[in-house]
Amino acid sequence: MHLKTLTLRGFKSFASATTLSFEPGITCVVGPNGSGKSNVVDALSWVMGEQGAKSLRGGKMEDVIFAGTSGRPPLGRAEVALTIDNTDGALPIEYTEVTISRTLFRSGGSEYAINGSGCRLLDIQELLSDSGIGREMHVVVGQGQLDAVLRATPEDRRGFVEEAAGVLKHRKRKEKALRK
Ligand code: ATP
Ligand code: MG
């Protein structure tokens with residue numbers, strides 16, 4: 001199994017549809033500061049179901065939608081599609097090629113699809129969960145993040161682990177419920 005293509009449309013700085021192709025092995029993305037390298041990595045996390053705006057280097061989820069430049073108006077939606085080569089059957093689905101996609105509308109709605117058929121976020125998480133790129137193994141370490149982890153207080157460090165494990169939102173809900 002390997003990632004084949006990643007298509008961004010209206011995602012962060014990628015206003016026009018842009019497709020990146022990957023070969024098996026290591027891929028390097030190079031470019032000047034601010035050219036969108038980290039945005040590509042954010043798109044990869046996002047299409048695989050990332051729910052934390054902070055992990056995507058934004059304040060709120062809407063920040064992933066192209067916000068406009070002096071010469072180009074903002075867009076109403078962000079779309080990312082990831083095509084995975086599944087000839088080895090690592091993903092539990094009867095297709096040799098699997099495309100997962102995610103769309104977020106500025107008006108608030110969001111859509112997920114597997115091979116063009118609408119699905120729930122949970123379906124994508126389940127599809128990826130045993131493959132090594134799902135919630136458990138999909139590890140994106142951002143610029144400066146290692147430093148932040150090393151310098152963090154024990155409380156912050158616990159927060160990183162909880163966010164990675166996806167329990168932070170449940171703890172927040174519990175705290176809110178206990179306050180009532
Ligand atoms: P560096 O080498 O400094 O790490 P980089 O190539 O990783 O740079 P990114 O962080 O991917 O750069 O891209 C930053 C650019 O993306 C900034 O110019 C920022 O304005 C732009 N950007 C981020 N979000 C949006 C958005 N929603 N709409 C338009 N542009 C955006
Ligand atoms: Mg960067």
remark   = Per the filter on region 60-78, residues assigned to a loop (DSSP other than H, G, I, E, B) and either under 13 Å from G108 (Cα atoms) or in contact (Cβ under 8 Å) with a residue 60 or more places away in the chain (or both) are K60, L75, G76
ask   = Can you find even one residue in region 15-29 that is touching a helix residue (DSSP H, G or I) at 6+ places or on another chain (Cβ under 8 Å), within 14 Å of ligand 2 (Cβ to nearest atom), at negative phi and modelled with pLDDT under 95?
value = yes
message = Being in a helix (DSSP H, G or I) and hydrophobic (A, V, I, L, M, F, W, C) is the filter here; which residues of region 1-53 pass it?
response = V40, V41, A43, L44, W46, V47
query = Considering only region 30-51, how many residues are within 16 Å of ligand 2 (Cβ to nearest atom), closer than 21 Å to I124 by Cβ and aliphatic (A, V, I, L, M)?
reply = 4
query = Looking at K54, K12, which is the one that is under 22 Å from F105 (Cα atoms) and either under 11 Å from the mean Cα position of the chain (by Cα) or away from ligand 2 (no atom under 15 Å from the Cβ) (or both)?
reply = K54
key: Filter result (under 22 Å from I114 (Cβ atoms), more than 7 Å from ligand 1 (Cβ to nearest atom) and touching a Lys or Arg at 6+ places or on another chain (Cβ under 9 Å)) within region 53-84   = L56, R77, A78, E79, V80, A81, L82, T83, I84
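The values are calculated or read from the model by the stated rules, or taken from the named source; none is laboratory data. As the structure is a computational prediction, the values presented were derived from the model and not from experiment. Cβ coordinates were reconstructed from backbone atoms using ideal geometry, including for glycine residues, and neighbour counts include every protein chain displayed.
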